[in-house]
Amino acid sequence: MKHDVETPLKFARKNQGRFLAELKDFIRIPSVSTQPQHREDVAAAAGWLAESMRQAGLENVEVIPSAVGGHPLVYGDWLNAGEDRPTVLVYGHFDVQPVEPIELWESPPFEPTVRGDFLFARGSTDDKGQSFVHVKAVEAFLKTGGSLPVNVKFIYEGEEESGGRTLAEFLPRSQEKLAASVALVSDTGILGPDQPSIVYGLRGNYYVLMDITGPAIDLHSGEYGGGIDNPLNALGHLIAALKDPDGHILIPGFYDDVRPLSEEERTLMSRVPFDEAAWLEKTGAPRPWGEPKYTLLERLGARPTLDVHGIIGGYTGEGAKTVLPSTVHVKLSMRLVPNQEPEKIGRLFEDYVREILPPTMTVTIRGGGGAPSISDIDTPAMQAARAAYAAVFDREPVFMREGGSIPVVGQFQKHLGLETVLMGFSIPGARLHSPNENFYLPNFYRGIETAIHFLAGYGDHSQKTAG
Ligand code: BES
Ligand code: MN
Ligand code: MN
């Protein structure tokens with residue numbers, strides 16, 4: 001028997017206005033997980049979400065405090081579909097990135113504002129808007145027929161943007177609680193507003209915080225310059241030695257575990273209808289850049305990178321000051337691809353830095369990361385996702401790899417043995433992590449409908465295989 005989708009779809013269409021109003025309430029809570037002054041706000045977002053899950057009809061909803069001094073998790077489930085039915089584990093995050101630089105926002109970051117087809121606010125896409133889709137899809141089933149085609153479990157976290165320690169600690173000891181057939185995550189992008197795509201590969205990352213120190217105190221550059229080395233100058237040499245001008249990373253052993261792209265995969269990637277010119281225009285950069293032997297899509301999704309994100313050091317105030325700074329602080333990260341291991345990359349990085357830094361400097365290095373992931377596209381869940389997008393967007397999705405990182409996907413694989421379906425709804429220009437982040441509202445509503453189709457289609461399929 002095919003599970004009815006028309007009734008929940010009708011409910012979802014009729015309630016679009018209320019869903020949007022609720023999403024705005026969710027977004028108004030400034031749940032910035034990296035900034036200590038927003039700690040209570042992250043807790044408030046957890047409480048709000050838990051209440052909203054209850055209202056949607058989910059059961060056993062609880063806010064789970066962090067066991068490691070971080071932010072809480074929110075859990076809820078509905079397990080009455082029957083033991084013969086599969087269980088979908090839905091994941092999302094209710095924390096957001098900082099809003100700075102605030103002066104570049106056209107409307108206040110936590111006052112959700114609709115302009116045209118877009119909802120502007122921090123978290124509108126990443127990930128409140130996208131993850132709320134699933135709460136509403138479940139509500140559409142439970143408030144109409146009173147049941148779901150599959151069992152569902154929800155686990156949402158409040159520190160995805162700041163390391164995810166709480167969930168990383170929770171997963172290995174919650175194998176039974178979170179046992180499922182597949183994980184479902186809406187925290188990625190699609191190719192264009194009307195061209196859906198399914199991400200089957202994500203990059204991992206390794207983030208580094210480094211302090212390089214020369215003299216113990218700042219020194220007059222006339223008295224000491226030429227006789228004492230300067231950490232800012234040393235950093236320049238160091239950065240230049242990390243990567244050549246074409247983007248090839250010079251850390252010995254860095255590429256050893258990179259799984260080569262097969263000809264088959266390169267062919268598939270070359271067929272993705274990716275509009276390079278439109279993509280470039282959104283960046284404002286004069287031209288694209290990167291390893292010459294790879295296409296742009298390959299460089300973005302299937303090749304590792306190293307980028308410096310911030311340097312704090314020396315005199316940056318008004319006017320001139322002739323000083324040899326004592327210390328420089330650097331933030332950088334490497335995006336990783338299968339089968340690179342974050343911890344191994346961290347060790348290779350540190351060994352190399354210690355080898356090439358001159359003896360005039362001392363260095364402290366802290367780092368951490370998340371694993372890359374790649375999934376089979378022929379599974380029942382992937383095919384249910386494909387059919388769901390096709391039904392709602394009226395166009396077949398393409399399969400592609402993404403450059404961003406969602407470390408939990410690798411953790412689900414490792415600790416729960418789960419494959420993840422990345423069912424994203426963000427479109428190019430959504431400005432994640434940046435001022436004027438926005439959500440393309442038609443995709444909020446289409447997202448809910450896609451999730452409804454997915455739950456029904458995935459339930460159907462496994463019934464067929466069950467006999
Ligand atoms: N939702 C993003 C990841 C993402 C963005 C995937 C765009 C694909 C396309 C997520 O919230 C994020 O920002 N991840 C961080 C990971 C880090 C904080 C461990 C990232 O990619 O920088
Ligand atoms: Mn996200
Ligand atoms: Mn993010």
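Below, the figures for the structure above:
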{"quantity": "Qualifying positions in segment 123-176 - open to solvent by 10 Å² or more (accessible area, probe 1.4 Å) and in a helix (DSSP H, G or I)", "calculated": "L142, E160, E161, S162, R165, A168, E169, F170, P172, R173"}
{"quantity": "Top-ranked residue of segment 121-142 - restricted to ones that are within 13 Å of L184 (Cα to Cα) and under 15 Å from the mean Cα position of the chain (by Cα), ranked as nearest to ligand 1 (Cβ to nearest atom)", "calculated": "Q130"}
{"quantity": "Residue check, S131 under 25 Å from A12 (Cα atoms) and out of contact with any Ser or Thr (no Cβ under 7 Å at 6 or more places or on another chain)", "calculated": "no"}
{"quantity": "Residue tally, condition assigned to a loop (DSSP other than H, G, I, E, B) and surrounded by fewer than 16 Cβ atoms within 10 Å (Cβ to Cβ), over segment 293-307", "calculated": "1"}
{"quantity": "Single residue of G247, G290, G284, G310 found to be open to solvent by less than 50 Å² (accessible area, probe 1.4 Å), without any contact (Cβ under 8 Å) to a residue 60 or more places away in the chain and over 30 Å from P359 (Cα atoms)", "calculated": "G290"}
{"quantity": "Test: residue in segment 27-45 that is in a strand (DSSP E or B), among the acidic types (D, E) and away from ligand 1 (no atom under 16 Å from the Cβ)", "calculated": "no"}
{"quantity": "Residue count for segment 371-390, restricted to those that are outside any helix (DSSP H, G or I), in contact with a Gly (Cβ under 9 Å, 6 or more places away or on another chain) and of a type in the set (A, V, I, L, M)", "calculated": "2"}
{"quantity": "Segment 397-415, residues that are within 16 Å of ligand 3 (Cβ to nearest atom), open to solvent by 30 Å² or more (accessible area, probe 1.4 Å) and assigned to a helix (DSSP H, G or I)", "calculated": "P407"}
{"quantity": "Residue within segment 212-234 that is part of a loop (DSSP other than H, G, I, E, B), crowded, with 22+ Cβ neighbours inside 10 Å, within 16 Å of ligand 3 (Cβ to nearest atom) and not hydroxyl-bearing (S, T, Y) present", "calculated": "no"}
{"quantity": "Residue match in segment 255-262 (condition: open to solvent by less than 20 Å² (accessible area, probe 1.4 Å), of a type in the set (F, W, Y) and part of a loop (DSSP other than H, G, I, E, B))", "calculated": "no"}
{"quantity": "Only one of E111, E160, E169 that is away from ligand 3 (no atom under 16 Å from the Cβ), among the acidic types (D, E), touching a residue at least 60 places away in the same chain (Cβ under 8 Å) and touching a helix residue (DSSP H, G or I) at 6+ places or on another chain (Cβ under 8 Å)", "calculated": "E111"}
{"quantity": "Unique residue being open to solvent by 10 Å² or more (accessible area, probe 1.4 Å) and away from ligand 2 (no atom under 16 Å from the Cβ) when the list is L441, L418", "calculated": "L441"}
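The values are calculated or read from the model by the stated rules, or taken from the named source; none is laboratory data. The model shown is predicted, which means the values in this text are computed figures rather than measured ones. Neighbour counts are summed over all protein chains in view; Cβ atoms, including those assigned to glycine, are modelled from backbone coordinates with ideal geometry. Side chains included, ligands, DNA and RNA excluded: accessible areas come from the protein's heavy atoms. Shrake-Rupley method; radii C 1.70, N 1.55, O 1.52, S 1.80 Å.
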